[in-house]
Amino acid sequence: MRKIKIISTGKYLPKKIVSGIEIDRILGLSEGRSAQMSGVESRHYVEDESASEMGAYALMAALEKSELNYDDIDAILCASGTAEQALPCTAALIQRQMKRPDRSIPCFDINSTCLSFVTAMDVASSLLETSRYKTIAIVSTEIASVGLNPNEHEAYSLFGDGAAAVVVSRGSETDRSRVIHASMKTFSEGSDFCKIRGGGTRFHPSKYDGKSEIFQFSMEGRKIFKMVLENMEEFFNQSLSDANIKLEEIKFVIPHQASASGMELVRRKLKIPLEKYVDILKDHGNMIAASIPLGLHYLVASGKIARGEKIMLLGTSAGVSLGTLILEY
């Protein structure tokens with residue numbers, strides 16, 4: 001168990017809202033078809049915002065809700081699956097957007113795609129436990145819309161853009177706030193089920209041959225969910241057992257907002273009561289790594305979660321990976 005306290009949360013959603021009907025028109029579908037496939041009725045798309053700008057706006061919003069200011073942040077971790085550019089890391093670009101050149105705090109990215117925020121919380125709690133840092137900003141900022149392939153209707157109708165930030169610090173001895181348990185498993189035989197092949201050293205942009213599909217998102221949803229459902233129940237129960245906690249003790253489960261059908265299949269498989277399950281998919285879409293911290297933000301902002309209550313972050317990602325983190329808020 002590691003002492004870590006969530007100080008504040010913040011979000012930024014792009015100005016442009018895209019309805020399911022607009023997606024239907026783009027894809028040439030009958031009205032309502034995209035929402036039926038994905039469960040997403042509207043989502044946000046960037047217009048002129050960059051990922052680092054959105055991340056900075058979300059961090060500013062989080063700081064405004066706390067008694068801290070930017071001078072109190074010792075490090076910025078960008079936990080995202082869509083980098084703004086190949087170099088440098090997006091966290092450095094977020095620092096630049098904060099417009100404080102005198103604050104040369106360390107910045108680095110963590111990318112385990114949709115599980116990036118869960119991984120970053122695990123890493124941050126370890127860094128805080130060893131007193132390497134006192135206060136860390138974790139920022140998930142995602143622009144999914146730029147890489148969608150209109151030939152893949154299911155995926156195109158699913159994703160949205162946006163950012164969420166969480167400021168964490170090491171809790172005092174009297175604080176109950178802590179990370180109780182974290183776990184991750186990767187089943188790399190499914191690594192081709194969800195991918196963007198271009199942009200790295202294998203298909204470098206300098207070798208671009210006009211085939212844009214190489215640089216667009218591709219997903220075999222049925223294969224992913226088959227693998228997830230085959231492994232999730234054992235993984236979930238083992239996480240609870242390792243944490244020495246029963247599901248009844250957990251106030252809320254915040255799942256990755258994968259898709260409406262996928263989330264519901266997982267919920268039923270794991271026997272998670274509907275009232276415990278945080279679902280923000282309908283109005284946001286799948287925001288990759290930003291989905292889980294955005295769900296956390298809404299819980300905190302609404303006052304539905306109180307200090308000392310337990311939350312589980314639960315997700316899947318390309319890889320194929322499963323991840324969970326159980327914390328006491």
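Since every read-out is calculated from the coordinates, none of them should be taken as a lab result. Not measured: the values here are computed from a predicted model. Quick reminder, even Gly has a Cβ in these numbers, built from the backbone with ideal geometry, and neighbours come from all protein chains shown.
In this model, which of 282/304; 15/223; 223/310; 226/246 are farther than 23 Å apart at the alpha-carbon?
15/223; 223/310; 226/246, as the Cα separations exceed 23 Å there.
Going through segment 296-329, which trypsin sites (Lys or Arg not before Pro) have at most 15 other Cβ atoms within 10 Å and a DSSP loop state?
304, 307
So, counting K/R as plus one and D/E as minus one, what does the shell of residues with Cβ under 14 Å around residue 81 add up to?
-3
Filter the GluC sites (Glu not before Pro) in segment 11-42 to those in DSSP coil with at most 12 other Cβ atoms within 10 Å of their Cβ, and list the result.
31
If packing is taken as the average count of other Cβ atoms within 10 Å, what order do 212-225, 78-91, 97-110, 257-270 fall into, highest mean first?
In decreasing order of mean packing, 212-225, 78-91, 97-110, 257-270 become 78-91, 257-270, 212-225, 97-110.
Give me, ordered by chain and number, the residues 5 or more places off residue 286 or on other chains with an amide H under 5 Å from its own placed amide H.
Hits under the 5 Å cutoff: 159, 160.
Which one, 289, 247, 206, projects farthest toward the positive side of the charge dipole computed for segment 178-328 from Cβ point charges (K/R +1, D/E -1)?
206
Explain nothing, just compute: Karplus ³J(HN,Hα) = 6.51 cos²θ - 1.76 cosθ + 1.60, θ = phi - 60°, for every residue of segment 250-259 in order, whole Hz, x for Gly and Pro.
8, 6, 9, 10, 9, x, 4, 7, 5, 6
How do 186, 201 rank when sorted from fewest to most other Cβ atoms within 10 Å of their own Cβ?
Lowest count first: 201, 186.
With θ set to phi - 60°, apply the Karplus curve 6.51 cos²θ - 1.76 cosθ + 1.60 along segment 187-198 and write out the HN-Hα couplings as whole Hz, x wherever there is a Gly or Pro.
Once rounded to whole Hz, the list reads 10, 5, 5, x, 5, 8, 6, 8, 7, 10, 6, x.
Given a 10 angstrom Cα cut-off, can you work out which residue in 147, 160, 28 is the most mobile in a GNM of the chain?
Top of the fluctuation ranking is 28.
Taking only C-alpha pairs under 8 Å that are 6+ residues apart, what is the relative contact order of segment 178-328 in percent?
Value for segment 178-328: 39 percent.
Can you bin segment 41-91 into rounded, prolate or oblate? Criterion: square roots of the alpha carbon gyration tensor eigenvalues sorted a ≥ b ≥ c, rounded for a/c under 1.5, prolate for a/b above b/c, oblate for the rest.
Oblate, since a/c reaches 1.5 and b/c is not below a/b.
Given R₀ = 41 Å, FRET efficiency for residue 207-residue 103 by Cβ-Cβ distance, to 0.05?
0.60
Using per-residue counts of other Cβ atoms within 10 Å, averaged over each peptide, order 286-292, 133-139 from highest down.
286-292, 133-139
Over segment 5-169, what is the relative contact order in whole percent, taking alpha-carbon pairs under 8 Å and six or more residues apart?
35
Which of the peptides 314-320, 171-177 is most tightly packed, and how do the rest follow, judged by the mean count of other Cβ atoms within 10 Å per residue?
Answer by packing, highest mean first, reads 314-320, 171-177.
Using +1 on the beta carbon of Lys and Arg, -1 on that of Asp and Glu, and nothing else charged, what's the dipole of segment 254-329 about the Cα centre, debye to 20?
Computed charge dipole of segment 254-329: roughly 200 debye.
What's the extension gain from residue 86 to residue 134 if we count 0.36 nm per residue and subtract their Cα-Cα distance?
This chain segment gains 14.4 nm when fully extended.
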